[in-house]
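Structure, as structure tokens:
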Amino acid sequence: MKHVKCYIENYPRPQFVRRDWVDLNGIWAFGFGEETNQEDALAGRLPRKITVPFSYETELSGINDKTMHETVWYSTKIRGKADKRTILNFEGADYQTTVYVNGAPAGRHRGAYSRFSFDITEFLHAGDNVLTVRCDDDNHPARVRGKQRWMGESFGCWYVQTTGIWKSVWLEYVEETHLTALKMTPDLSDYSVRFDLEVSRPAEDTEIGIEISFGGKRIQTARITAGDLSNSFTVCLSGEKLTYQQELWSPENPALYDAEITVFKGGRKTDRVGSYFGLREYKAEGNKILLNQRPFYARLLLDQGYWKESGLTPPSEEALARDIALAKEMGFNGVRKHQKTEDERYLYYADIMGFTVWCELPSNHWASDGAYAQLAREWLEIVRQNYNHASVVTWVIFNESWGVRNIYANASQSSLATGLYYLTKSIDPVRPVISNDGWEHAESDILTLHDYEQDGERLYERYDTLQKITEGCNLNEQPIPYAKGYRYRGQPVIISEFGGTAYVGDTDAGWGYGEGVKNDREFLERFGALTGAIDRLNISGFCYTQITDVEQEVNGLLRADRSPKVPLSEIAKRNVR
């Protein structure tokens, strides 16, 4: 596996890399709200220990308590640097996070799945400082919560909740004038990349320099004045130093360009950020999905990103790369990351290993104006955070009408889905956007359908004509494809959930779709019949449910510990025809 130039092991933000940073993951003081008080918490006097970033509900946290606690406290010691500003970064904490430094409130964030940061410089003194974090969460389904249960026990396809810090926490040190945002947009029409950059203190004596290289060879350099908060320019990537002048990213050839961005103030270097990008184009055009202007058939796995010992948090960086390697070994070329915004290092490995990813907004499950406003804020943070990754090829807003249960007939709910579709397009006009994956679509670039029929021939007959696919001709068996007032306009079609077959021989309890199979032969026959049926349809791909078992669901191709249920080569043999 070939890493990009800026790679640092365990670095949480792989496309915006600074060398001057401190990993805060590890043992912190911890307490539940009912067993401590604010005075003690702010002083760092908490009764328990926890291993960050694992939530207290998980084994790797060291606590492993599955009951709901609405308030949790954390505390640790940190240090600043006299000549630098100190930025505190959270990759993810659920749900309302309040940060205190030496007892003073230093920042607050609402949301569960996006990164957030606070400049805590003004709250620091020389030597050790007390960092205290309070997280408040509850069971209400109005929260953007994805697959986290809101009842006392796991049920259906909802699992143990995740409370508090569940992704990496870290510090970085910067000068007063530094880079604050980086957006890179490749364009295959002229083999160029557009850079949109923001700096903390724009001025006429502030400049930004960029050096682009490929395989260790410098391709292009550019330098501009950063006189405004946002600054843009485009760089052509043609270069006589490359064999084919340009290198395109694809699953077969995950070619990545290195980019080094340097900020200068009055001619003095004040910041350096390492990054990378892929020159690729993934779009829905007519009834086809095109990757780099060629038809692309999506063979995806539904991936909920849970681990038995650590819940939503990956147990290690290596575990992220291993999941991708296992999926590729089974013949899949991507995943639909379902109801989770994954650790960004997963997207890094997808970039360098050649693996496509559908990025999905974890759902709320409650319709209200307040829930919609918060949902929109979180979604825009997620889109901006993951925009630069070559592996991210599709944005998914809603899933199966969760949070908008009456979207078919309720104009405000279908307008919300359409509004978020266009809001996403305002940031990313290039990638396909799906408004409501599975059925009852509002405005959408791809028509996606969910069907857990377990008989391959019946599945084929249900969708063997375009009319059956697009007009909901099986209304007694399947939901309607489009919300009221919307219709099919020739988009690509993908069966984005199917299969879900339970291998009940693996466990005494659990569920999947249809009657479970009891041995390898039965499982492989059914898997082959279902994928074979979809391969015969004139559509653009599929997404099989799912890569691993998760808690009470035993419909994974792998067990929760990632051990195969059947030989991976046998899955690949029936998957890639």
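The values are calculated or read from the model by the stated rules, or taken from the named source; none is laboratory data. Computed from a predicted model, the values in this text were never measured in an experiment. A quick note on method: Cβ atoms are made from the backbone with ideal geometry, for glycine too, and the neighbour counts reach across all protein chains shown. Heavy atoms of the whole protein, side chains included, go into the accessibility calculation; ligands, DNA and RNA do not. Shrake-Rupley method; radii C 1.70, N 1.55, O 1.52, S 1.80 Å.
Details
- Nearest-20 debye value, the chain charge dipole, Cβ charges on Lys, Arg, Asp, Glu: 1060
- Computed per residue of the chain from DSSP H runs no shorter than four, each worth -39500 (n - 2.57), the mean residue ellipticity at 222 nm is -5500 deg cm²/dmol.
- Label selected from (1) 90, 35, 24; (2) 55, 36, 22; (3) 38, 31, 22, the criterion being semi-axes √(5λ) of the Cα gyration tensor in Å as computed here: (3)
- Centroid-to-centroid separation of segment 262-334 and segment 46-89 [C-alpha atoms, Å]: 28
- Karplus 3J(HN,Hα) series, Hz, for segment 191-199 with 6.51 cos²θ - 1.76 cosθ + 1.60 (x for Gly, Pro): 6, 10, 9, 9, 10, 10, 10, 10, 10
- Largest-first ordering by accessible area, 1.4 Å probe, given options ASP535, ASP137: ASP535, ASP137
- Listed by chain and number, the lysines whose alpha-carbon sits under 29 Å from that of LYS81, ignoring those within fewer than 8 places in the same chain, are LYS5, LYS49, LYS167, LYS183, LYS265, LYS269.
- Shape call, segment 9-80: gyration tensor on alpha carbons, a/c limit 1.5: oblate
- Candidate membrane-span-like segments in the chain, meaning DSSP H helices with Cα atoms spread over at least 20 Å of their own axis and a Kyte-Doolittle mean of -0.5 or above, are 411-427, 520-536, with no membrane implied.
- Residue-count net charge about GLY127 - beta-carbon cut-off 15 Å; Lys, Arg +1, Asp, Glu -1: +2
- Amide hydrogen proximity for SER250: with H placed 1.01 Å from N in the peptide plane, the residues at 5 or more positions away or on another chain lying under 5 Å are ALA255.
- Count Lys and Arg as plus one, Asp and Glu as minus one, and take only other residues whose Cβ is under 14 Å from that of SER230; the net charge is then +1.
- Estimated at the nearest 10 Å², the accessible area of LEU568 is 20 Å² with a 1.4 Å probe.
- Ranked by solvent-accessible area (1.4 Å probe, protein heavy atoms only, all chains present), the residues CYS236, CYS157 order from largest to smallest as CYS236, CYS157.
- Interchain or long-range residues, amide H under 5 Å from LEU449's placed H: GLY438, ILE494, ILE495, SER496, GLU497
- Accessible area (Å², per residue) of the chain, counting only protein heavy atoms and a probe of 1.4 Å: 38
- Restricting segment 178-246 to trypsin sites (Lys or Arg not before Pro) that sit in a DSSP loop and have at most 16 other Cβ atoms within 10 Å of their own Cβ leaves LYS241.
- Tensor-based shape of segment 185-259 (alpha-carbon gyration tensor, a/c under 1.5 rounded, otherwise prolate or oblate): prolate
- J(HN,Hα) series, segment 89-100, from Karplus relation 6.51 cos²θ - 1.76 cosθ + 1.60, nearest Hz, glycine and proline x: 10, 10, 6, x, 8, 10, 10, 9, 10, 10, 10, 10
- In order along segment 438-448, phi translates into HN-Hα couplings of x, 5, 6, 5, 8, 4, 7, 7, 9, 8, 10 Hz, rounded to whole numbers, per the Karplus curve 6.51 cos²θ - 1.76 cosθ + 1.60 with θ = phi - 60° and x for Gly and Pro.
- Reachable lysines, given that their alpha-carbon falls under 20 Å from the alpha-carbon of LYS468 and they are not under 8 places away in the same chain: LYS288, LYS484
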